[in-house]
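Some notes on the structure that comes next.
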Amino acid sequence: MQLIDRAKSILLQPRSTWREIDAEFTKPGEIWGKYIMPLAAIGPICGTISMLIFGQRIAFTSLTNPVPVSTAITRGVAAYVLALVSVFIIMQIISLLAPNFGGQKNDVQALKAAAYSSTAAWIGGVFALIPALALVSLLFALYSLYLLYVGLPIVMKVPQDRAMGYTAVVIIVTIVVFLIVGALITAF
């Protein structure tokens, strides 16, 4: 399936799309190269452009500092690399925890869960272009958590009676990973 079609369908029709994703035979390289890498670049690219245009806001004030091109690019590259690393970490966590909740340990299915549930957050990264709209990105990230909630039991074959606990644990770990990634990006 094409990138745009898949992104649109996972955002607008998550339940039926997750069933479709579950049934697909997909190689991890295809998911990384044709889906994760392009979409994960949206936020870092938009954030870099925004930083170059608007500068960096000084905490607890309405003032901004201009940012050198090298700093903006370094931060953008770091954000992109950390986005890719976070997908890998979340995939590992999803796969490792599944057997504890009666599901299957399957790295490819876990990669599907981590990748496709992140779609909303990655697309919401476009709002990083305008600092005043950065909060909208947070709403998209929350929708990604909903996508994870819907898709995780389907692709990881977790029994319905244990799906809520599994999903809750994975969502908590995912939030912690995103907070750590956010802190690392801010450190740059």
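Cut-off is 10 Å between beta-carbons; in what order do TYR35, TYR143 appear when sorted fewest neighbours first? Could you put the intermediate results ahead of the total?
Numbers: TYR35 23, TYR143 18.
If I rank by nearby Cβ atoms, fewest first, I get TYR143, TYR35.
Determine, for THR26, THR48, the number of other Cβ atoms within 10 Å of each Cβ, and report the residues in order from fewest to most.
On the way: THR26 16, THR48 23.
Ascending Cβ contact count within 10 Å gives the list THR26, THR48.
For the pairs LYS8/LYS34; LYS27/LYS105; LYS112/LYS157; LYS8/LYS105, note any where the Cα-Cα span goes beyond 20 Å. Present the calculation step by step, with values, prior to reporting the outcome.
Details: LYS8/LYS34 15 Å; LYS27/LYS105 16 Å; LYS112/LYS157 13 Å; LYS8/LYS105 28 Å.
Beyond 20 Å between Cα atoms: LYS8/LYS105.
Could you tell me the center-to-center distance, by alpha carbons, between segment 145-171 and segment 91-128 in angstrom?
For segment 145-171 versus segment 91-128, the Cα centre distance is 10 Å.
Spelling out what I want: for every residue of segment 80-90, take phi, set θ = phi - 60°, compute 6.51 cos²θ - 1.76 cosθ + 1.60 (Karplus), and round to whole Hz; glycine and proline get x.
After applying 6.51 cos²θ - 1.76 cosθ + 1.60, I find 5, 4, 5, 5, 5, 5, 5, 4, 4, 5, 5 Hz.
For segment 85-143, report the convex hull volume of the alpha-carbon atoms normalised per residue, in Å³, without decimals. Can you show the working numbers first?
On the way: hull volume 4.5 nm³, N = 59.
Normalising the Cα hull of segment 85-143 by residue number yields 76 Å³.
For every helix of n ≥ 4 consecutive DSSP H residues, a contribution of -39,500 (n - 2.57) applies; sum these over the chain, divide by its total residues, and give [θ] at 222 nm rounded to the nearest 500 deg cm²/dmol. Walk me through the numbers on the way to the answer.
On the way: 10 runs with 138 residues, N = 188.
Helix contribution divided over all residues of the chain: -23500 deg cm²/dmol.
Counting other beta carbons within 10 Å of each Cβ, put MET156, MET91, MET37 in order, fewest first. Walk me through the numbers on the way to the answer.
On the way: MET156 27, MET91 22, MET37 14.
Taking fewest neighbouring Cβ atoms as first place, the list is MET37, MET91, MET156.
Just one of (i) 0.95; (ii) 1.00; (iii) 1.21 is Rg/Rh (Cα atoms, Kirkwood Rh) calculated from these coordinates, so which is it?
Calculated Rg/Rh (Cα atoms, Kirkwood Rh): the matching label is (ii).
Laboratory data are not the source of any read-out in this text; all were calculated from the coordinates shown. Here the structure is a predicted model, which is why all the values come from computation and not from measurement. For neighbour counting, all protein chains shown are included, and Cβ atoms are generated from backbone atoms with ideal geometry for every residue, glycine included.
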